[in-house]
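Since the structure comes first, as structure tokens, the remarks are kept for the end.
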Amino acid sequence: MRWSPGQYLRFADARLRPALDLLARLGDSEPRRIVDLGCGAGNVTRLLAERWPAATVIGLDSDVAMLARAASTPSAVVWQQADIASWRADTSPDLLFSNAALHWLPDHGRLLPELVGQLSPDGVLAVQVPANFGEPAHRILRQLAAEAGWRDALGSARMGSILSPAEYEQLLRPLCSHLELWETTYWHVLSGEDPIIEWMKGTTLLPFIERLDESAADRFLAAYRERLVAVHPPAADGTTLFPFKRLFFVARR
């Protein structure tokens with residue numbers, strides 16, 4: 001996928017809230033080596049570096065444009081291009097932090113044990129992933145892409161996926177000395193024209209839109225917009241309420 005840092009960061013404050021909540025659950029730990037898996041534009045990575053200024057902090061992402069945006073702000077962070085699925089640490093990290101990235105990767109039953117196995121003794125894997133795939137904005141998108149007019153072009157597009165909380169618990173518990181697992185629904189009050197469409201264009205819509213030419217993309221978005229507004233109508237003041245559930249876990253090796 002070709003990411004747009006500008007589009008993604010249009011809702012930077014709202015997207016940052018889950019990362020701050022995950023960061024708050026790490027307590028008074030003092031990791032010496034930190035890797036941010038799927039660092040994107042680097043705004044969360046810089047928070048990690050500010051909280052632990054003595055640590056070596058690596059921001060890792062596969063997207064060149066996102067890494068360029070991250071590196072455009074001076075910091076002590078080391079930016080690294082790599083695919084999380086095949087990445088291996090040169091030195092065992094004390095903290096692997098991942099905010100809204102791992103849902104893009106398949107086979108969590110293999111991936112997560114490999115990540116935990118790379119941690120230093122007593123190291124921590126801290127993860128947040130979207131858990132909104134059953135909600136209207138995502139269901140409508142899947143249904144529309146599966147219809148006859150779009151199926152040929154979009155049938156192979158995927159928006160990511162996750163396991164259930166119980167499946168993560170069963171997978172991680174045997175690997176960890178301590179595991180915390182929770183879900184939170186954030187009720188975002190979005191402003192502007194078509195704010196949910198604009199939010200989705202920064203992430204979930206990417207694998208769909210990139211398969212269409214400009215004209216087809218405009219028609220697809222118009223059809224999506226018509227169905228979406230029926231379930232998420234704007235309020236009288238022009239804002240749109242957008243609930244978004246996210247799943248978190250903190251796993252200590």
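The values are calculated or read from the model by the stated rules, or taken from the named source; none is laboratory data. In this text, all values refer to a predicted model and were calculated from it rather than measured experimentally. Please note: Cβ atoms are built from the backbone with ideal geometry, for glycine as well, and neighbour counts cover all protein chains shown. For the accessible areas, the whole protein counts, side chains as well, though only heavy atoms, and no ligand, DNA or RNA atoms are used. Shrake-Rupley method; radii C 1.70, N 1.55, O 1.52, S 1.80 Å.
Taken as a whole, the condition of being out of contact with any Leu (no Cβ under 9 Å at 6 or more places or on another chain), surrounded by 14 or more Cβ atoms within 10 Å (Cβ to Cβ) and either over 30 Å from residue 120 (Cα atoms) or in contact (Cβ under 8 Å) with a residue 24 or more places away in the chain (or both) does not apply to residue 201. Against the conditions (1) in contact with a helix residue (DSSP H, G or I) (Cβ under 8 Å, 6 or more places away or on another chain); (2) in a loop (DSSP other than H, G, I, E, B); (3) among the hydroxyl-bearing types (Ser, Thr, Tyr); (4) open to solvent by less than 40 Å² (accessible area, probe 1.4 Å), residue 29 satisfies every one except (1). Residue 158 falls short on exactly one of the conditions (1) modelled with pLDDT under 95; (2) charged (D, E, K, R); (3) part of a helix (DSSP H, G or I), and that condition is (3).
Restricting attention to region 235-246, does a residue exist that is in contact with a Pro (Cβ under 6 Å, 6 or more places away or on another chain) and under 30 Å from residue 93 (Cα atoms)?
Residues of region 235-246 that are in contact with a Pro (Cβ under 6 Å, 6 or more places away or on another chain), as a first pass: 240, 246.
The next check asks that each one be under 30 Å from residue 93 (Cα atoms); those that pass are 246.
Yes, some residue in region 235-246 is in contact with a Pro (Cβ under 6 Å, 6 or more places away or on another chain) and under 30 Å from residue 93 (Cα atoms).
When residue 212 is tested against (1) under 22 Å from the mean Cα position of the chain (by Cα); (2) within 24 Å of residue 104 (Cβ to Cβ); (3) not in a helix (DSSP H, G or I), exactly one condition is not met: (1).
Residue-wise test of (1) of a type in the set (Lys, Arg); (2) surrounded by fewer than 21 Cβ atoms within 10 Å (Cβ to Cβ).
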residue	(1), (2)
99	no, no
108	no, yes
117	no, yes
127	no, no
139	yes, yes
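Is one or more of the residues making up region 109-128 in contact with a helix residue (DSSP H, G or I) (Cβ under 8 Å, 6 or more places away or on another chain) and within 28 Å of residue 226 (Cα to Cα)? Among the residues of region 109-128, not one is in contact with a helix residue (DSSP H, G or I) (Cβ under 8 Å, 6 or more places away or on another chain) and within 28 Å of residue 226 (Cα to Cα), which makes the answer no.
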